[in-house]
Amino acid sequence: MYINNNCANCINFKKAVIIGCGFVGSAITFSLMESGLFTEIVMIDSDKERAEGEALDISHGVPFARPMKIYAGNYEDISNASVIIITAGANQKPNETRLDLVKRNIEIFKNIIPNINFNEFKGVLLIVSNPVDILTYAAIKLSALPQNRVIGSGTVLDTARLKYAIGRHLNVDSRSVHAFIIGEHGDSEIAAWSSANISGVPLNKFCEMRGHYDHNAATEKIAQDVKNSAYEIIARKKATYYGIAMSVKRICEAIVRDEKSILPISSMMHGEYGIDDVVLSMPAIVGKNGVETQVPITLSNNEILELQKSAGILKSIINDNIF
C-alpha cells in the first residue's frame, strides 16, 4: 500500500501526523511507534517545544522497535500523510461530561481544520478529541474532505471496555466476545445486547452455560460500568490515554492495511435507523479510504429508540454550538 512519494499529490501510507501532543497524542505516538505501521510520524502542537520534547523522548525507543523517523513538524508536513490524527483540545475535568467540552474544542478546530484544507491533505482525517462525535461533525463541515474520509475514534474504546467486562464476567478470552457499544461516545451510549454473542453463541445462552441466569441485572451493571469507566479513571489519574492509544492504533491498522475491518467508528448518518445529518458510532467497514459502508446489526426496537434518542442529544448540541 506504499505509493510513490515523489508525486506531490500521492499518499505515503507509511506516514502519519499527530496534531496535539498532550497525554493522548503522545500515548498514540508511542503506540504507533511500537506497532511498526509507519516509518514517519510527525507531531504538531501549538507548543512547539512540547512536540519536540515528546518526539525526542519517543524516538529514543526506536532502537527497540523498527526504523522510523519521529519529529516535531508543522502543517506543511501533512499533505502526503495517510492519516492525520487530531487529539488537540481542552482536557475533560472531573465531573465534566464530554459534551461540556464542546464550545472550547470547536474553537480549537476552527484553527486547525483550515490548515489541513490549505495543504490539500489526501488521506483519512481521524478525530480523537472529545466530544468526538460533535467534533467529527464539525471537522466534516469545516474541511474540504469527502465525508467518508473524516471519521472519529467513536466507541471503539467503549466497545473494547465492553468486551473486557463481558470476558471477565464469563471468564473467557475477551477476544472471543463479539459485541458493540453504539451511538454517542458518552453518556447516551448504548450496549447493543441484541447482537452480542460469544464466538457465535448468543450471549444469554453462553451466560447460562457459565452459571449466570440473572441476565438483566448483569447486563445493566456491565453497561453502567463501561459508561462510567472514563469518569472513574479521570477521577483517579486526571486523564485517560492508554486505552484510546491502543484503539487508535487498531483503527490505523485498518486504514493503512486496507483491512476492511468492522469497527464502531464515528461517521455521518444518512437515514439509517431514521437518523440523518448527525455523526455517531455504528459498526462500519474501515479501509484505506476511511468508511466504506456502515454495517447493519441486529437491534431490538428499544435499542433503536435509544439510538435515536442518542442522535437527538447530539443533534441538539450541534444546532446550539456549531453553525
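Throughout, read-outs are computed from the coordinates displayed, never taken from laboratory work. Just so it is clear, the structure is predicted and the values come from calculations on it, not from any experiment. Cβ atoms come from the backbone with ideal geometry, glycine included; neighbour counts cover every protein chain shown.
Each Lys or Arg adds one and each Asp or Glu takes one away; over the other residues whose Cβ falls under 10 Å from the Cβ of V124, this sums to +3.
Looking at I317, S26, I304, which one has the Cα that reaches farthest to the positive end of the dipole of the chain (charges on Cβ: Lys, Arg +1; Asp, Glu -1)? Of the options given, the answer is S26.
Note down the relative contact order for the chain as a percent, whole number, built from C-alpha pairs under 8 angstrom at least six residues apart. Intermediate values should be presented prior to the final figure.
Values: 636 pairs, mean separation 56.8, N = 323.
Once normalised by length, the contact order is 18 percent.
Taking the Cα centre of the chain as origin and assigning +1 to Lys and Arg Cβ atoms and -1 to Asp and Glu Cβ atoms, the resulting dipole is close to 480 debye.
Restricting attention to the stretch 1-156, lysine pairs at least eight places apart or on different chains and with alpha-carbon atoms under 18 angstrom apart total 9.
The base-10 log of I(q)/I(0) for the stretch 144-249, evaluated at q = 0.13, 0.23 Å⁻¹, reads -0.52, -1.29 [Debye formula, identical scatterers on Cα atoms, solvent excluded]. Taking a straight Cα-Cα cut-off under 22 Å and skipping sequence neighbours fewer than 8 places away in the same chain, the lysines within cross-link reach of K205 are K163, K221.
At q = 0.17, 0.23, 0.26 Å⁻¹, what is the base-10 log of I(q)/I(0) for the stretch 20-93 according to the Debye formula with one equal point scatterer per Cα and no solvent? Please give it to two decimals. Debye curve over Cα of the stretch 20-93, log10 I(q)/I(0) at q = 0.17, 0.23, 0.26 Å⁻¹: -0.59, -1.06, -1.32. Out of V132, V295, V83, any idea which swings most in a Gaussian network model of the chain, alpha carbons joined below 10 Å? Highest fluctuation of the listed residues: V295. Normalised by the number of residues in the stretch 12-152, the average gap of Cα pairs under 8 Å and 6 or more apart makes the relative contact order 24 percent. Close amide-amide hydrogen proximity is noted between E189 and E184, each under 5 Å apart and 5 or more residues distant or on a separate chain (H modeled in the peptide plane; Pro and chain starts excluded). Couplings for the stretch 111-117, taken from phi via the Karplus curve 6.51 cos²θ - 1.76 cosθ + 1.60 with θ = phi - 60°, read 8, 7, 4, x, 5, 5, 4 Hz in order; Gly and Pro are left as x. Which net charge results when you count Lys and Arg as +1 and Asp and Glu as -1 among the other residues whose beta-carbon is under 13 Å from that of H215? Net charge in that neighbourhood comes out at 0.
Report, to the nearest 10°, how far helix 156-170 tilts away from the longest principal axis of the Cα atoms in the chain, using its own Cα long axis and a range of 0 to 90°. Long axis of 156-170 versus the principal axis of the chain: about 40 degrees.
Semi-axes of the equivalent ellipsoid of the chain are 32, 22, 19 Å, computed as sqrt(5λ) over the eigenvalues of the C-alpha gyration tensor in descending order.
Across the stretch 160-293, the relative contact order, built from alpha-carbon pairs under 8 Å that are at least six residues apart, equals 19 percent.
Note on the stretch 10-129: with charges restricted to the Cβ of Lys and Arg (+1) and Asp and Glu (-1), its dipole about the Cα centre is near 300 debye. Taking the number of Cβ atoms within 10 Å of each Cβ as an exposure proxy, the fewest-first ranking of R175, R50, R66 is R175, R66, R50. Distance from the C-alpha centroid of the stretch 211-258 to that of the stretch 102-178: 14 Å, rounded to the whole angstrom.
Here the scattering of the stretch 156-321 is modelled by Debye summation over its C-alpha atoms, one equal scatterer each and no solvent; at q = 0.13, 0.14, 0.17, 0.19 Å⁻¹ the log10 of I(q)/I(0) is -0.66, -0.77, -1.14, -1.37. Relative to the longest principal axis of the Cα atoms of the chain, the long axis of helix 23-35 lies at roughly 90 degrees. Separation of the stretch 280-323 and the stretch 17-84 by C-alpha centroid, Å? Between the Cα centre of the stretch 280-323 and that of the stretch 17-84, the gap is 30 Å. Pair-distance distribution P(r) for the stretch 12-152, from all Cα-Cα distances in 5 Å bins starting at 0: 2, 11, 21, 23, 20, 14, 7, 3, 0 percent. Near the amide H of K69, within less than 5 Å, lie the amide hydrogens of E40, I41, all on another chain or at least 5 residues away, with H placed in the peptide plane. Against the chain, whose longest principal axis is taken from its Cα atoms, helix 215-237 shows a tilt of about 30°.
This ranking places H215, H169 by how few other beta-carbon atoms lie within 10 Å of each, fewest first, which gives H215, H169. Among A144, A27, A217, the residue with the largest mean-square fluctuation in a Gaussian network model of the chain, with springs joining Cα atoms closer than 10 Å, is A217.
Coupling constants for the stretch 55-65 follow from the phi torsions by the Karplus curve (6.51 cos²θ - 1.76 cosθ + 1.60, θ = phi - 60°), and in residue order they are 4, 5, 4, 5, 4, 5, x, 4, x, 9, 10 Hz; glycine and proline get x.
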